[in-house]
Amino acid sequence: MTIVWILIAVAALAIFWLWATYNTLVRLKNQTQEAWSDIDVQLKRRYDLIPNLVNTVKGYATHEREIFERVTQARAAAMGAQGMADKAKAENMLTDTLKSLFAVAENYPNLKANENFAKLQDELSDTENKIQAARRFYNGNVRDLNTKMETFPTNLIATGFGFKKREFFELTEEAAKNPVEVKF
């Protein structure tokens, strides 16, 4: 009779461990999805600011058509990117084109003094900072989820229930070294 109780206790502990491990994986997955939503919100805010910024600069620098087209194309590519790798690549390209736009704007002193332009600069700078913070938060959640899924014996549960590793949202070395400059 004692062996039966021991077997029942072991089975109950195994079921409890399975339940707790599964719930932990679900919690980490949901936190990672929430963190990606934070990035997505900030990226959408950035996408909304860019046309206003381009239009403001256009009023002063009408002969800089090529840079406006590149910024617009980069914005469209970033908005349409699918998958983490494509999204990161498109965001890096958008960051590079924004640097070019600000470089053009430096040649126009009246533009730098424009109140609307200054406000857009501040908003874009704030958005860039929020994107960086959201990216760090997301990558921390991805690290925790992936680590949990790779450790034994949790990896058995993760594989059995179809949990997938997530990709980090990383900037290229160039974009990381040279952030968008929005101060004049």
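As a quick test, which of the pairs LYS29/LYS89; LYS44/LYS148; LYS44/LYS164; LYS29/LYS130 have an alpha carbon distance above 29 angstrom in this structure? Distance filter (> 29 Å) returns LYS44/LYS148. Residues LYS119, LYS29, arranged from fewest to most other Cβ atoms within 10 angstrom of their Cβ, appear as LYS119, LYS29. Extents of the range 125-170, taken as max minus min of Cα coordinates on every principal axis and listed largest first, are 44, 15, 13 Å. Within the chain, the whole DSSP H helices whose Cα atoms reach 15 Å or more along their own axis and whose mean Kyte-Doolittle score is at least -0.5 are 2-60, 65-80, 84-105. Legend: P(r) of the range 66-166 from all alpha carbon pair distances, 10 Å bins from 0, whole percents, reading 13, 30, 26, 16, 10, 5, 0. Quarter the surface of the alpha carbon convex hull of the range 2-177 and you get the mean projected area, 12.1 square nanometres.
Here, each number is a calculation from the coordinates, and none is a lab measurement. In this text the structure is predicted, and so the values were computed from the model without any measurement. Every residue, glycine as well, gets a Cβ built from its backbone with ideal geometry; the counts of neighbours run over all protein chains shown.
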